[in-house]
Amino acid sequence: TNIQAALGLAQLESLPKYVKKKKIIHERYKKKINKIKGLFISNTSHYARCNYWLNILEIYNNTSKKKLSKIIKYLNKNGIEVKPLWHPNHLQKKYKNCQTYKLDNVNNIYQSRLCLPSSPQLTMRQQDFICKKLKNIF
């Protein structure tokens, strides 16, 4: 509708501001979290341009699915909403018989990644709190 189109255009005008803010959030996460042993914020490939939609925390300390759920519960208990990386399509029941390619590392990747809060409204204080809680765990 015309109203939806107008709303969409108005939102597009704000896009550069949001991408800039989300890049600042991403760089701040990288600066703080990459100093914590065993943790890393995913980078953009050299051939791509990132929109910083999501900050993915990579955990490199033999994280198991069970341990990952404990980390999620701890952060959630402290008011930090984190989510595991989405469940891979080829592992979902209705797609089990559809796999036509080999995915060697997907289980390891899926079980050792978290989606961190990435809202453009995330404050530096909130980000510091998130990083402090991650440091407490690791």
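Think of a 1.4 Å ball rolled over the protein heavy atoms: the chain then has 73 Å² of accessible area per residue. Only aspartates and glutamates eight or more places from Lys70 in sequence, or on another chain, were considered; those with a Cα closer than 20 Å are Glu58, Glu81. Largest mean-square fluctuation among His90, His46, His26, in a Gaussian network model of the chain whose springs join Cα atoms under 10 Å apart, belongs to His46. Among the trypsin sites (Lys or Arg not before Pro) within region 1-57, those in coil by DSSP and having at most 14 neighbouring Cβ atoms inside 10 Å are Lys35, Lys37, Arg49. Using a Gaussian network model of the chain in which every pair of alpha carbons under 10 angstrom is joined by a spring, one finds that among Ile109, Ile25, Ile56 the greatest mean-square fluctuation is at Ile109. Among the lysines of region 1-53, pairs that are 8 or more positions apart or on different chains and have alpha carbons within less than 21 Å of each other number 14.
Taking the 1.4 Å solvent-accessible surface of the chain as the whole, the part contributed by carbon and sulfur is 54%.
Over the chain, the Kirkwood radius and the radius of gyration, each from Cα atoms, give a ratio Rg/Rh of 1.03.
For the chain, the relative contact order works out to 31 percent when only alpha carbon pairs closer than 8 Å and six or more residues apart are counted.
Subtracting the Cα-Cα distance of Trp53 and Asn78 from 0.36 nm times their residue separation leaves 6.7 nm of extension gain.
For a straight C-alpha distance cut-off of 27 angstrom, the lysines reachable from Lys102 (same-chain residues fewer than eight places away being disregarded) are Lys65, Lys66, Lys67, Lys83, Lys93, Lys94.
The values are calculated or read from the model by the stated rules, or taken from the named source; none is laboratory data. As the structure is a computational prediction, the values presented were derived from the model and not from experiment. Please note: Cβ atoms are built from the backbone with ideal geometry, for glycine as well, and neighbour counts cover all protein chains shown. Just so you know, the surface numbers come from the protein's heavy atoms only, side chains and all, with ligands and any DNA or RNA stripped out. Shrake-Rupley method; radii C 1.70, N 1.55, O 1.52, S 1.80 Å.
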